[in-house]
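Down below is the structure, laid out as structure tokens.
The values are calculated or read from the model by the stated rules, or taken from the named source; none is laboratory data. From a predicted model like this one, the values you see are computed outputs, not experimental measurements. Cβ placement follows ideal geometry from the backbone for every residue including glycine, while neighbour counts extend to all protein chains displayed. Note: areas computed on protein heavy atoms with side chains; ligands, DNA, RNA excluded. Shrake-Rupley method; radii C 1.70, N 1.55, O 1.52, S 1.80 Å.
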Amino acid sequence: MRRAWRAAPRARWVLVAGAVVAAIVVAELASGGGSTEAGRAAPPLPAKALRPPAVDLAALRGKPALVDFFASWCAPCAEEAPTLRKLSTALAGRATVVAVDWDDAGGPARAFVRKHGWSFPVLADTSGAAGEKYGLVGLPTSFVLDPRGRIVATFRGPQSEATLRQALLEAA
């Protein structure tokens, strides 16, 4: 009897912790996977371009930008790929879309870019170092930068064109 009573608080703790984690996941999914970053300066972008031109943070300053981390092997990234193509075309001149291929091989990444008809800059983060500095926890992950190069929103998972467009317009 005594053992059962001792185990019960531990079991209750596991249930409470599980419920808290579930609530956080549900809230994240309900919010579209977005969160704000309180204006943290964006870390440097990788220098190597898979699809030119190569861009850096200085080149992005002056208008909002979307930096999207993806990989060729990522199914949710393929789901979001047409959205990024449409967004880049729709916001040409008002915002910049830049994709960063994370921890991937060059050939499959180039094939992914061609398949999805991306005409915006695509950079290569083959070592994963840039993704680590940005704090990636999954793919795709999009960072909205304001005209000063500060992260103002982060979106995890595939997003709609409307969600990303609104975030970029608000960042202006």
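A few points about this structure:
- Those residues of the range 101-122 whose amide nitrogen sits under 17 Å from the label point placed on residue 63, 7 Å along Cα→Cβ: 119-122
- Note on residue 86: lysines with a C-alpha under 22 Å away, same-chain residues under 8 apart excluded, are 63, 115.
- Between residue 86 and residue 115, the contour length at 0.36 nm per residue exceeds the Cα-Cα span by 9.0 nm.
- In this simple spin-label approximation, residue 105 and residue 160 carry label points 7 Å from Cα along the Cα→Cβ vector, and these lie 3.7 nm apart.
- Distance between the C-alpha centres of the range 52-71 and the range 76-144: 10 Å, rounded to the whole angstrom.
- Heavy-atom accessible area for residue 96, with the other protein chains in place and a 1.4 Å probe, reaches approximately 30 Å².
- Under 5 Å, built H, 5+ apart or other chain: amide partners of residue 153: 37, 144
- Within straight-line cross-link reach of residue 133, lysines at Cα separation under 20 Å, skipping those fewer than 8 residues along the same chain: 48
- For the pair residue 94 and residue 49, a Förster radius of 22 Å applied to the C-beta separation gives a FRET efficiency near 0.45, rounded to the nearest 0.05.
- Accessible-area composition of the range 88-129, carbon plus sulfur, in percent [1.4 Å probe]: 55
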